[in-house]
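Take a look at the structure set out below.
The values are calculated or read from the model by the stated rules, or taken from the named source; none is laboratory data. Owing to the predicted nature of the structure, the values given are computational and were not obtained by experimental measurement. Here Cβ is always computed from backbone atoms with ideal geometry, including for glycine, and neighbour counts include all displayed protein chains. Each accessible area value is taken on the protein alone, full model and side chains, heavy atoms only, with ligands, DNA and RNA left out. Shrake-Rupley method; radii C 1.70, N 1.55, O 1.52, S 1.80 Å.
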Amino acid sequence: MKTVSLCTIPDREKTLELVVSALLPQVDRLNVMLNNYSSQPTFLSDPKIVVGTSQAVGDYKSDAKYWWCDETEGYHVIVDDDVHYPKDFVEYFCRCIDGFDRKA
């Protein structure tokens with residue numbers, strides 16, 4: 001199981017869409033915490049995407065991307081909403097973890 005989690009703010013919606021489109025094909029699940037959004041962007045309507053909101057869980061600011069840590073099994077990659085990720089990012093990340101016998 002490969003999961004990516006991130007959080008975002010409304011000012012970064014355009015970069016969020018780029019991050020989601022780059023990472024969604026690489027994962028089994030994509031967790032997105034929306035901090036202070038008034039509505040959910042339509043591009044987050046995918047069965048693999050789990051959306052949380054600061055209104056529901058509290059305003060943890062950028063730490064909200066860790067909200068799912070206790071419930072995630074397998075590989076859990078924490079990312080930012082304003083970074084360009086290559087199409088093999090998650091696979092490369094997982095290979096690196098395996099290179100350390102999953103102790104990293």
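So here's what we get for this one:
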read-out: Accessible-area value, VAL27, 1.4 Å probe, nucleic acids and ligands omitted, Å²; value: 10
read-out: Ellipsoid equivalent to the stretch 46-104 - semi-axes via the Cα gyration tensor, in Å; value: 24, 15, 12
read-out: Euclidean distance of C-alpha centroids, the stretch 71-96 and the stretch 21-62, integer Å; value: 15
read-out: Charge sum, other residues only, whose C-beta stays under 12 Å from ILE97's C-beta, Lys/Arg counted +1 and Asp/Glu -1; value: +1
read-out: Calculated diffusion of the chain, Stokes-Einstein form, Kirkwood radius summed over Cα pairs, 10 °C and 1.306 mPa s, µm²/s; value: 114
read-out: Crossing angle, helix 13-23 versus the chain [Cα axis fit, 0-90 degrees, rounded to tens]; value: 30
read-out: Whole-Hz couplings from phi, Karplus 6.51/-1.76/1.60, listed for the stretch 86-102; x for Gly and Pro; value: x, 5, 10, 4, 5, 4, 4, 4, 5, 4, 5, 4, 4, x, 9, 6, 6
read-out: Heavy-atom accessible area ranking, 1.4 Å probe, most first, across MET33, MET1; value: MET1, MET33
read-out: Largest to smallest accessible area among ARG95, ARG29, ARG102, ARG12 [probe 1.4 Å]; value: ARG102, ARG95, ARG12, ARG29
read-out: Calculated FRET efficiency for the pair ASP63/PHE100, C-beta based, R₀ 22 Å, to 0.05; value: 0.30
read-out: Amide hydrogen neighbours beyond the local backbone of VAL77, cut-off 5 Å, H modeled; value: THR3, VAL4, SER5
read-out: Spatially near lysine pairs across the chain, Cα under 22 Å, sequence gap of 8 or more or different chains; value: 12
read-out: For the chain, calculated [θ]222 nm from helices alone, where every DSSP H run of n ≥ 4 adds -39500 (n - 2.57); value: -7000 deg cm²/dmol
